[in-house]
1. Could you give the angle, 0 to 90 degrees to the nearest 10, between helix 5-14's Cα long axis and the longest principal axis of the Cα atoms of the chain?
2. Given the -39500 (n - 2.57) contribution per DSSP H run of 4+ residues, what per-residue ellipticity at 222 nm results for the chain, rounded to the nearest 500 deg cm²/dmol?
3. Evaluate E = 1/(1 + (r/R0)^6) for V67 and E95, where r is the Cβ-Cβ distance and R0 equals 30 Å; express this FRET efficiency to the nearest 0.05.
4. Which one, (1) 2.17; (2) 2.41; (3) 1.41, gives Cα Rg over 2.2 N^0.38 Å as derived from the coordinates shown?
5. What FRET efficiency comes out for Q36 versus L56 if R0 is 30 angstrom and r is the Cβ-Cβ distance? Round to the nearest 0.05.
6. Round to the nearest 10 and give me the degree value, 0 to 90, for the angle of helix 21-39's Cα axis relative to the longest principal axis of the chain.
7. Please report, as a whole percent, how much of the solvent-accessible surface of the chain comes from carbon and sulfur atoms (probe radius 1.4 Å).
Amino acid sequence: MNITTQDVQHVAKLARLNLSSEEELVFTEQMNAILQYAEKLDGLNTEGIEPTTHVLHLSNVMREDEVRDSLPLDKVFANAPEEEEGQFKVPAVLE
């Protein structure tokens, strides 16, 4: 499978990218190089190898949720730039 400049133009249009003709040629070459490299994987003998989604073993490191006491407000606001009535005071983002 080869990527054509028309394919690159189509994808660029979908992504609303304005590419110059030089960029289209560069991206066409780069995408074809990527596909050629990926085609090398077809030549590998994968018989007996279990499918996996990650190269390394991943396990969930999240802890169980547990109810704990909150920090005292004086520690919470110790590094806050401004505090007002027990809340962080920040600059307005809407006018």
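The values are calculated or read from the model by the stated rules, or taken from the named source; none is laboratory data. None of the values given here were measured: they were computed from a predicted structure. No Cβ is skipped: glycine too gets one built from the backbone with ideal geometry, and neighbour counts run over all protein chains shown. Side chains included, ligands, DNA and RNA excluded: accessible areas come from the protein's heavy atoms. Shrake-Rupley method; radii C 1.70, N 1.55, O 1.52, S 1.80 Å.
1. Orientation of helix 5-14: about 20 degrees from the principal axis.
2. Helix-only estimate at 222 nm: -10500 deg cm²/dmol.
3. On the way: r = 40 Å, r/R0 = 1.33.
Result of the calculation: an efficiency of 0.15.
4. Only one listed value fits the structure, namely (1).
5. Computed FRET efficiency for Q36 and L56: 0.65.
6. 80
7. Working: 5340 of 9820 Å².
Of the solvent-accessible surface of the chain, carbon and sulfur hold 54 percent.
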